[in-house]
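Inspection log for the structure reproduced underneath, given as C-alpha cells.
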Amino acid sequence: MAVDDVVKLVQAFANLLSVLVWPALLTFVLIRFGPSLKDFFSSLGEFSFKGAGFEATARRKQEAAAALMAAAVARPDAAATPESTARDAKEAASIVGQVDKRTLRRASGAWALWVDDRPDNNVYERQSLEALGVRFVIAKSTDEALAKMAQQRFDVVISDMARPPDAQAGYTLLETLRAAGNHVPFIIYAGSSAAAHKAEAQRRGALGSTNRASELFAYVLSALKREG
C-alpha cells in the first residue's frame, strides 16, 4: 500500500471517529445533566419583559444556552474528557441563566467584530450571542479587520491568534489598535486557556483570552456592560 493510501486511510478513520464520538458525547451530556438542565430551562420560562422596542423572552436565553452547549461539544480542547465537556455544558447553562435585563438591552444594539481566518469554526459561539441580539461582522485577516474598523464602530472585538503568515496575528491586531488609541474591548479566542496565556493577553491590553465558549460568552457580556 502506498504512503498516500495509508494517509488517506488514517484520515478517513479519524473522520469516522469524530462522527461517532461526539454524538455519543452529546448523549452523555444530556443524560448526565438532563434533570438539572431541564430545571434550568423551566425556570427560564418565567422570564419575559418588553422595553425600548425590544422583546426579550425565555426562548432567547434557551437558544443562547443551547448554542453554547453545542459549542462545548463541537470544539473541545486537547485535554477534554466527556466529564469536562459535560461540566462546560452545565456551566454554559448557568452563565446564560445569569443574563439580566440590562445586559439584554445592551446586547440588542451591540456590534461585534469577529476576526478569524476560519469563521465556520465559531458558528455556535456566534449563535449564542446572536440569540441575545448581538450582531457580527466577520473579518478573515488583520488588514480586513482594520479596514472594517475604519468604517464602523464596534462594541467588542474577538480575534483568534494565528492567521497565516502571522503566528501572533491576534496580538498584532491588538497592538495596532492600542497604538492608534483605540481601546475597544478585545478578546482572544484561540487554542489555549493556560494561565500564562491569559496573563500575557491581559498584559498586552486584552480583556481576556480563552478557548472555552462559555468563558468567551461571559467576556463579551462583561465588555458590553463596560461599554453600556
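The values are calculated or read from the model by the stated rules, or taken from the named source; none is laboratory data. Given the structure is predicted, the values throughout are model-derived calculations rather than measurements. When we count neighbours, we look across all protein chains shown, and the Cβ atoms used for this are built from the backbone with ideal geometry, even at glycine.
Some notes on this structure:
- Screening the range 149-158 for residues that are without any contact (Cβ under 8 Å) to a residue 60 or more places away in the chain and surrounded by 16 or more Cβ atoms within 10 Å (Cβ to Cβ) and picking the one that is farthest from Ala179 (Cα to Cα) gives Phe154.
- Condition check for Asp143: at pLDDT 95 or above and assigned to a helix (DSSP H, G or I): yes
- Search result, residues across the range 71-91 that are at pLDDT below 80 and assigned to a helix (DSSP H, G or I): Ala72, Val73, Ala74, Pro82, Glu83, Ser84, Thr85, Ala86, Arg87, Asp88, Ala89, Lys90
- Flag if Ala150 is assigned to a helix (DSSP H, G or I) and either under 16 Å from Leu68 (Cβ atoms) or at pLDDT 95 or above (or both): yes
- In the range 153-174, the qualifying residues are those that are part of a helix (DSSP H, G or I) and of a type outside the set (S, T, N, Q), and the one that is farthest from Phe186 (Cα to Cα) is Ala169.
- Among (1) more than 21 Å from Leu104 (Cβ to Cβ); (2) at pLDDT 95 or above - the single one Glu130 does not satisfy: (1)
Okay, residues lined up against (1) modelled with pLDDT under 95; (2) assigned by TED's automatic domain parsing to the domain that holds Ala112; (3) not in a strand (DSSP E or B):
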position: Asn182; (1), (2), (3): no, yes, yes
position: Ser192; (1), (2), (3): yes, yes, yes
position: Glu200; (1), (2), (3): no, yes, yes
position: Ser209; (1), (2), (3): no, yes, no
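- Residues of the range 116-140 that are assigned to a helix (DSSP H, G or I) and either in the same structural domain as Ala70 (by TED's automatic domain parsing) or of a type in the set (A, V, I, L, M, F, W, C) (or both): Val123, Leu129.
- Flag for Leu113 being within 28 Å of Arg59 (Cβ to Cβ), assigned to a loop (DSSP other than H, G, I, E, B), in contact with a Lys or Arg (Cβ under 8 Å, 6 or more places away or on another chain) and not assigned by TED's automatic domain parsing to the domain that holds Ala89: no
- With respect to the conditions (1) touching a strand residue (DSSP E or B) at 6+ places or on another chain (Cβ under 8 Å); (2) surrounded by 19 or more Cβ atoms within 10 Å (Cβ to Cβ); (3) closer than 30 Å to Ala89 by Cα, Gln202 lacks only one, and its number is (2).
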